[in-house]
Amino acid sequence: PDAPRHTNRLIKEKSPYLLQHAHNPVDWYPWGQEAFEKAKRENKVIFLSVGYSTCHWCHVMEEESFKSKEIGEIMNKHFVCIKVDREERPDVDKVYMTFVQATSGGGGWPMSVWLTPDLKPFAGGTYFPPEDGFQRVGFRTVLLRIAEQWEENKDALLESSHRILEALRQTSEIRVQGQEIPPPSKEVMDTCFQQLSRSYDEDYGGFSHSPKFPTPVNLNFLFTYWALHQTTPEGARALQMALHTLKMMAYGGIHDHIGQGFHRYSTDQHWHVPHFEKMLYDQGQLAVVYSRAFQISGDKFFADVVRDILLYVSRDLSDQVGGFYSAEDADSYPTTTSGEKREGAFCVWAAEELRALLPDPVEGAMEGTTLGDVFMHHYGVKETGNVDPRQDPHQELKGKNVLIAQCSPELTAARFGLEPGRLDVLLQECRHRLSIARAQRPRPHLDTKMLAAWNGLMISGFAQAGAVLAEQGYVHRAAQAATFLRTHLFDPTSGRLLRSCYRGKDYSVEQSAMPIQGFLEDYVFVIQALFDLYEASLEQSWLEWALHLQHMQDKLFWDPKGFAYFSNEAGDPSLLLRLKGDQDGAEPSANSVTVTNLLRAACYSGHKDWVEKAGQILSAFSERLQKIPIALPEMARATAIFHHTLKQVVICGDPQGEDTKEMLHCVHSVFSPNKVMMLADGDHAGFLYRQLPFLASLERKDRKATAYLCSNFTCSLPVTSVQELREMLSP
């Protein structure tokens, strides 16, 4: 490639997203004091552009506008231009996204916001085309109009920005009202179930028509609802909704049948044509939810999907030192000689390409049948492509096929006169060949930023899968990643987490000159991961670190007046609002997960004040939980855990003993949402015994591994058989 004609300040950053814009003709600044002071000194409007490195429309806006010399000149003349990676700075993103959603009725990325020199927003949107078009104003026009308004009506804009900010401050505040108590769990759970049931797609699963997102928070809620209502029609429906959704997703094009893992979302009702980026947070949460599906149903299909996800993450999103990378892009070059990237190019297939790769005749099938015939029938391949033009507005997928398992293995086998077992072998051979062929294509961009929060979600995925599938290799991988976090994203001097680190040259791990401190979500997802890892590995050091981080989270983020946790620390003058996330979306909100974390922490430590804090969070969100719990399914689930009280399942035994291992395996094989597990191994000097003195009174019965079910540190009679333990674990 030619040497870049422009280089701006972003060249000094570590974020892959900011580095993508380092050679734009725009004089970009990172978020920080240098840009703020320039805006005040020159009395200029700030143009804030927020996105992330694997965002398709961010790439489009860069190509159309930010690489344009003419538009760059307008931006540089009239504005101080700031670029933010939303994955590095979710606090900045959330403040201005709250404004964009409130003023435009929608949101998304790239986010484009215009601010006064004191950072107050007064205009905003998302993607803008470069020029005016049908019913759409162009970016150039918007820039010139805002520059003109700033020159002619500055006082009006300043007044408007002040009013907007005050309105946002009032509407975004979440706090306990008076003497409010935690809402009743039965009403919250029933309302959430009814709201999900009404939005459920009976044919294809999921909870909307299109686009369709995986939303693991909904599925985890349904599993908990089922566990508490197993003998009722509503419980049966909750389980059916969750399992059917997971099967349809796994059959669909949102699931990468050749390269494993899941894409971000489906653009259609059928889970067929995805938006092709792959995000770490999806893989982590889906590994957990498919593990639970296997735990509940015993269906090997779900266990296979778990292994598929973890194979993808181990191979493509894993750093050599142990961390997990953030994402893979949707766009890539179709061939090594292509000059333009296309969405999905790495993943889609032409029919003739498949025939050329799979020409072999199939023994035992109907005469003339080739591997290609079998594969193309099973995965819905058409000669002219199988993508509906309505799902392909830019015709990037014209003539191509997105693989979707349209038939059951039994139907495909019957169609060609094959035994189902034989079909599995043939399809596996086909997928292997296509994987080798696909490896020759130019790969999509890999975002090698490593985030504490998303690493936490992925550690939970490996740890829970390892426990449920009895795969120690997965537990080991989770421990390796937790060690990575403790080494590279934790400051032992201050006791605090850091937000991000980056892959450097020769696979070294690098940190920014000014490291970004961890946000609430970093603490919450890492604490959850460490609890999951303790239960899978029984290594008490993870428990000790989790409880330390919970104390630090309380210190940094707790709101003692309005209750619940703020998303970011106090004291940053560049953040105009201190918010509390109020929606479980692609990721659960931090306050939702922390309710369960606090209850688990109390069980492992004996600190009753954490139970009180959990109740105070539910009180702060009480109105939302009672009116629209579908917006907070993870917190709705936590209300049930709060009101039912967590059971402490204590196994007394030698961790290396076969009888102990059998009991541990039994605990891991039963889905019980309101339990924590701990091993009392007789080491009275160990961390758990110091935290929970009552453990010293529990003994093995008849020198066998023995289980106790404890609630509020009062324990049941001991049991020594796996069958008795299984009955004891029933919710």
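The values are calculated or read from the model by the stated rules, or taken from the named source; none is laboratory data. Given the structure is predicted, the values throughout are model-derived calculations rather than measurements. Using ideal geometry, Cβ is built from the backbone for each residue, glycine included, and neighbour counts are taken over all protein chains shown. Protein only, heavy atoms only, side chains kept; ligands, DNA and RNA dropped before computing areas. Shrake-Rupley method; radii C 1.70, N 1.55, O 1.52, S 1.80 Å.
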Answer yes or no: is there a residue in the range 581-594 that is hydrophobic (A, V, I, L, M, F, W, C), within 28 Å of Gln691 (Cβ to Cβ) and either assigned to a helix (DSSP H, G or I) or not assigned by the TED database to the domain that holds Thr714 (or both). yes
Can you tell me which of Gly253, Gly261 is under 20 Å from Gly461 (Cβ atoms) and in contact with a strand residue (DSSP E or B) (Cβ under 6 Å, 6 or more places away or on another chain)? Gly261
So Gln194 clears everything in (1) in contact (Cβ under 8 Å) with a residue 40 or more places away in the chain; (2) among the polar types (S, T, N, Q); (3) open to solvent by 20 Å² or more (accessible area, probe 1.4 Å) except one condition, right? Which one? (1)
Just checking, how many residues over the range 331-376 are open to solvent by less than 20 Å² (accessible area, probe 1.4 Å) and in contact with a helix residue (DSSP H, G or I) (Cβ under 8 Å, 6 or more places away or on another chain)? 13
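Let's see how each residue does on (1) more than 23 Å from the chain's Cα centre (by Cα); (2) free of Cβ contacts under 8 Å to residues at least 40 places away in the same chain; (3) not in a strand (DSSP E or B):
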position: Ala293; (1), (2), (3): no, no, yes
position: Val306; (1), (2), (3): no, no, yes
position: Ile309; (1), (2), (3): no, no, yes
position: Val313; (1), (2), (3): no, no, yes
position: Thr335; (1), (2), (3): yes, no, yes
position: Cys347; (1), (2), (3): no, no, yes
position: Glu363; (1), (2), (3): yes, yes, yes
position: Glu367; (1), (2), (3): yes, yes, yes
Index of the failed condition, Glu202 passing every other in (1) assigned to a loop (DSSP other than H, G, I, E, B); (2) under 22 Å from the mean Cα position of the chain (by Cα); (3) among the charged types (D, E, K, R): (2)
Condition (residue is open to solvent by less than 10 Å² (accessible area, probe 1.4 Å), out of contact with any Lys or Arg (no Cβ under 8 Å at 6 or more places or on another chain) and assigned to a strand (DSSP E or B)) applied to the range 16-34: is it met by at least one residue? no
If you check Lys94 against the conditions, is it open to solvent by less than 60 Å² (accessible area, probe 1.4 Å) and within 22 Å of Ile516 (Cβ to Cβ)? no
Does His229 count as touching a residue at least 24 places away in the same chain (Cβ under 8 Å), surrounded by fewer than 20 Cβ atoms within 10 Å (Cβ to Cβ) and not hydrophobic (A, V, I, L, M, F, W, C)? no
Are any of the residues in the range 48-62 over 27 Å from Ala327 (Cα atoms) and either part of a loop (DSSP other than H, G, I, E, B) or open to solvent by less than 70 Å² (accessible area, probe 1.4 Å) (or both)? no
Looking at the range 254-291, which of its residues are more than 16 Å from the chain's Cα centre (by Cα) and without any contact (Cβ under 8 Å) to a residue 60 or more places away in the chain? Gln260
What number goes with the only condition from (1) over 30 Å from Ala327 (Cα atoms); (2) not in a strand (DSSP E or B); (3) not aliphatic (A, V, I, L, M) that Phe122 does not pass? (2)
Being within 15 Å of Lys247 (Cα to Cα) and assigned to a loop (DSSP other than H, G, I, E, B) is the filter here, so list the residues in the range 205-228 that pass it. Gly205, Gly206, Phe207, Phe213, Pro214, Thr215
Select from the range 428-444 the residues that are touching a residue at least 12 places away in the same chain (Cβ under 8 Å) and surrounded by fewer than 19 Cβ atoms within 10 Å (Cβ to Cβ) and list them in ascending order. Glu429, Arg431, Arg433, Ser435, Ala437, Arg438, Arg441, Pro442, Arg443
Within the range 108-123, take every residue that is of a type in the set (Gly, Ala, Ser) and at negative phi and give me the one that is farthest from the chain's Cα centre (by Cα). Ala123
For Val676, state whether it is among the β-branched types (Val, Ile, Thr), at pLDDT 95 or above and closer than 24 Å to Pro216 by Cβ. yes
Please go through the range 255-290 and pick out each residue that is part of a loop (DSSP other than H, G, I, E, B) and farther than 14 Å from Glu343 by Cα. Asp256, His257, Ile258, Gly259, Gln260, Gly261, Asp268, Gln269, His270, Trp271, His272
Residues to consider are Ala405, Ala413; find the one that is under 21 Å from Gln269 (Cβ atoms), among the hydrophobic types (A, V, I, L, M, F, W, C) and either in contact with a helix residue (DSSP H, G or I) (Cβ under 8 Å, 6 or more places away or on another chain) or in a helix (DSSP H, G or I) (or both). Ala405
Which pairs have Cβ atoms under 8 Å, sit 6 or more apart or on different chains, and link a residue in the range 199-215 that is more than 20 Å from Lys278 (Cβ to Cβ) to one that is open to solvent by 70 Å² or more (accessible area, probe 1.4 Å) and part of a loop (DSSP other than H, G, I, E, B)? Asp201/His209; Tyr204/His270
Name the single residue that is farthest from Gly518 (Cα to Cα) among those in the range 472-486 being free of Cβ contacts under 8 Å to residues at least 60 places away in the same chain and of a type outside the set (Gly, Ala, Ser). Gln472
Check the range 1-11 and report whether any residue there is hydroxyl-bearing (Ser, Thr, Tyr) and surrounded by 15 or more Cβ atoms within 10 Å (Cβ to Cβ). no
Of the conditions (1) modelled with pLDDT of 95 or more; (2) more than 26 Å from the chain's Cα centre (by Cα); (3) under 29 Å from Ala614 (Cα atoms), Gln194 fails just one. Which one is it? (2)
Assigned by the TED database to the domain that holds Pro130, without any contact (Cβ under 8 Å) to a residue 24 or more places away in the chain and loosely packed, with under 15 Cβ neighbours inside 10 Å, is that true of Glu37? yes
